[in-house]
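Since the structure comes first, as C-alpha cells, the remarks are kept for the end.
The values are calculated or read from the model by the stated rules, or taken from the named source; none is laboratory data. Please read all numbers here as calculations on a predicted model, not as lab measurements. Cβ placement follows ideal geometry from the backbone for every residue including glycine, while neighbour counts extend to all protein chains displayed. Protein only, heavy atoms only, side chains kept; ligands, DNA and RNA dropped before computing areas. Shrake-Rupley method; radii C 1.70, N 1.55, O 1.52, S 1.80 Å.
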Amino acid sequence: MANSSSPSGSKRRFLLTVATAAVGGAGAVAVAVPFVRSMTPSARAKAAGAPVEVDISKVEPGMMITVEWRGQPVWIVHRTPEMLANIPKMNELVADPESSQPLQPAYVDKENRAIKPDYLVLVGICSHLGCSPTEKLKIGADSGLGDEWLGGFYCPCHAEGHAGTGEPQGAAVHLPLRLPHSHRPGQVMSKIAALTQWIDDRFPLTSNWKAHLSEYYAPKNFNFWYYFGSLAMLVLVIQILSGIFLTMHYKPDASQAFASVEYIMRDVPSGWLVRYIHSTGASMFFVVVYLHMMRGLLYGSFRKPRELVWIFGMLIYLCLMAEAFFGYLLPWGQMSYWGAQVIVNLFSAVPFIGEDLSVWIRGDYVVSDATLNRFFAFHVIAIPLVLLGLVTAHILALHEVGSNNPDGIEIKKKKDPKTGIPLDGIAFHPYYTVKDIVGVVVFLMVFSIIIFFMPEVGGYFLEYNNFIPADPLKTPAHIAPVWYFTPYYAMLRAVPAMLGSQFPGVIVMGLGVMVFFLLPWLDRGKVKSIRYRGPKYKIWLTLFVISFVILAWLGMNPTDFLGKFPGSTLEMATFLARVFTVVYFAFFILMPWYTATDKEKPEPERVTG
C-alpha cells in the first residue's frame, strides 16, 4: 500500500474520493427521482390546473370578471380607451417604471407585460402577504382613492395600490401582480477552504470526518460479510425517505387507511414505486440485519471489547421488530388487521394483568381506529427517533474500540511507532467507502429486480390477503406474521398451553430474542473467529442456522400442512418445531461448555488478508 503522504498515495486517495463522490452522487440522483415525482400534483390536481376557457365576448369595456385557476383568482379586465391612454401616465407613479428589479423575470418588461390592448389578465394575488387586492378600476374621485387615482387595484395588506398594469406603486415592498415568488440568489463562497474553516470554527466537521472516515483505520482484510453493516445504513435511509413521502398521502384513519394506500398506488405520481420501495425495504432490512448478525457469530464480533457494540446492535434489532410490527397494521388489509389482533392478544396471556394490558395497548377492546392511530405515531415518530439514536450509539461505540476482522485480531496492538497507525489498518475512506459502493450497486440491482418484477415475492414481502380491506367479521384461513418474525412464531406454537394459558409459549418466544444479549458472556472460547474455532462451535453454529431457517419455514405455514403422525393426534409440523426450538436454545445454553472445551487453532500475530 502506498504511503498516504507520498505523491502517488495522495493521487490515489484523491481519485478514489472523486470516484466515491461521483458514484454516490449519481446514485443519490437516481434514487431521488421517484420521491421527487411523488410530490408532483396528481392527475386530479393537474386537471384542476388545466387551461380555463372563458367567454369574454360579454365583458363590456370597464368591466372585470374573475375566474379560478389552480385555486387562485384570475382577473380579466376589458380596458376602456381612457384606461389605455392613462398607461403612459402611470410610469410616474409605479415603483419600477423600467421593470428593472433584479428579482423580476424577463417577461415583466413593459413591452410584454404592461402595454397590451383591450384586455389585461392578472393573477389577483399580492406578493407581499398573499392577499387579494380590491378592484379600483374607476378613475379619479369615483374610485374613493382621490382625484389623482388613474385606475388599478388597492391592496389592504400594505395599504398601497397596484397601477392599472398590475405594477406596484409607493414603496414597492411587493412585486407586480401575476409574478411568482422569486428567490434571491445565494452568495456562494468561492473558496471551499474558507467555507470549511468557517464551519470548523463553529462545528467539529473536519475532526468528525477524520475520526469516523478519513482517519478511522479499519482492518485491511474485510471480506464479503462486512458489506452488510453499510447496507443496513443504506436501507435505513431508504426507509426513512420513502416513509416520509408515503406519510404525505397516507391517512391514519380506519375508514380511509386502505383507500389512501390505494390512492398512493393508483393516483400519486410514482406512488406505486415509493410504496414498493418501502415494502421491499422492510424485508430487505431484515435480510441485511440477519446477515450482519451472522457475521458477528462467525467472527466473534460480540466478544470483548465489543460487548456494548453488540448490545446496541441487539437493541436496534428489537427496535426494528417493533417498527415492523407497528407499520404492519397501517395498510389496514386483512392480514395486517388480524396479524395485529393475534399478536396483541398474546399480551392477554400475561397472568393477572393480561386482559388490561392488551386493552391498554390497543386503546380499545379490539383493533380499531384508536389502535391504528397510536401504531402510526409509534411507527412514524417514536421508534425512528429511538432507532436513529441507537444507530448513532452503535457506530460511536464501534469506532471507539475499532472494527473486528475475519481473523478476530485486534489491529490496535500492532502500530507504526512513528505515525501510531495500525500496521494492518487502512483508512475507511476512501478505501472502504469505494469498496462498499460495489456492494451497494449489487444490492440495488437485486432491490430493483424485486421492486419492478416481483414486489410481492410470492406473498412473503406483501401478503395477498393485505390487498383485501380489513374485515373484523371475517378471519383469514391462516394467520401468520411476516417472514422475518416466523421463527419466533413457530416457537410460540411449539409450546403447548399450560393450565389453559399460552403464557409459556410467549415466554419462550421472548427468550428466543433476548438470549442474544447474553452471547458476550456465554462464549468462553479463547479465539474469536470461526477460522480458528474447533469443530464443536462450527457444528453447533451450523445446527443453530438450520434450526432458525426451519423454524422460519414452519412458522410460515399452518400447523397441519405436513399432516399428523400415523395413529397419533400430534402434528408433524408441531413436533419439528419443538425439536428445532430445543436445538435453537441448546446453541446458547451449552455454549459455555462446548466453547471452553473446543480444540482451537492458535491465532496469527498479524491479519492474514
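The table below lists the values:
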| read-out | value |
| --- | --- |
| Accessible area (Å², per residue) of the chain, counting only protein heavy atoms and a probe of 1.4 Å | 52 Å² |
| Part-to-part distance (alpha-carbon centres) for region 354-390 and region 33-83, which is given in Å | 45 Å |
| D_trans [Stokes-Einstein, Kirkwood Rh over alpha-carbon pairs] for the chain, 4 °C, 1.567 mPa s, µm² s⁻¹ | 43 µm²/s |
| J(HN,Hα) series, region 526-534, from Karplus relation 6.51 cos²θ - 1.76 cosθ + 1.60, nearest Hz, glycine and proline x | 8, 10, 9, 7, 5, 4, 10, 6, x |
| Nitroxide proxy distance, nm - points 7 Å out along Cα→Cβ at Leu308 and Phe453 | 4.6 nm |
| Cross-link pairs Lys220/Lys601; Lys304/Lys412; Lys414/Lys526; Lys414/Lys599; Lys412/Lys526; Lys415/Lys528 - those with Cα-Cα distance over 24 Å | Lys414/Lys599 |
| Total formal charge among the other residues, if their Cβ is under 15 angstrom from that of Ala45, Lys/Arg +1 and Asp/Glu -1 | +3 |
| Helix 257-266 axis, angle to the chain major axis (alpha carbon atoms, nearest 10°) | 70 degrees |
| Hydrodynamic radius (Kirkwood) for region 536-609, which is based on Cα pairs only, to one decimal in Å | 14.7 Å |
| Principal-axis tilt of helix 433-453 within the chain, Cα atoms, nearest 10 degrees | 80 degrees |
| Calculated [θ] (222 nm, deg cm²/dmol) that DSSP helices of n ≥ 4 give over the chain, each run adding -39,500 (n - 2.57) | -15000 deg cm²/dmol |
| Cα-based reach from Lys251 at 23 Å (exclusive), listing lysines while leaving out same-chain residues under 8 positions away | Lys46 |
| Protection-proxy order for peptides 297-309, 361-373, each taking the mean of Cβ atoms within 10 Å per residue, highest first | 297-309, 361-373 |
| Relative contact order (%) - region 505-609, alpha-carbon pairs under 8 angstrom, separation at least six | 43 percent |
| Rounded percent of accessible protein surface that carbon and sulfur make up, region 341-470, 1.4 Å probe | 71 percent |
| Rh by Kirkwood over Cα pairs, then Stokes-Einstein D for region 358-472 at 0.890 mPa s and 25 °C, µm²/s | 125 µm²/s |
| Highest to lowest packing among 403-416, 437-450, scored as the average C-beta count within 10 Å | 403-416, 437-450 |
| Distance between modelled label sites at Val438 and Ile381, nm, 7 Å Cα→Cβ extension | 4.5 nm |
| Between 0 and 90°, nearest 10: helix 307-328 axis offset from the chain longest Cα axis | 60 degrees |
| Environment charge at Gly555 (Cβ cut-off 15 Å; Lys +1, Arg +1, Asp -1, Glu -1) | -1 |
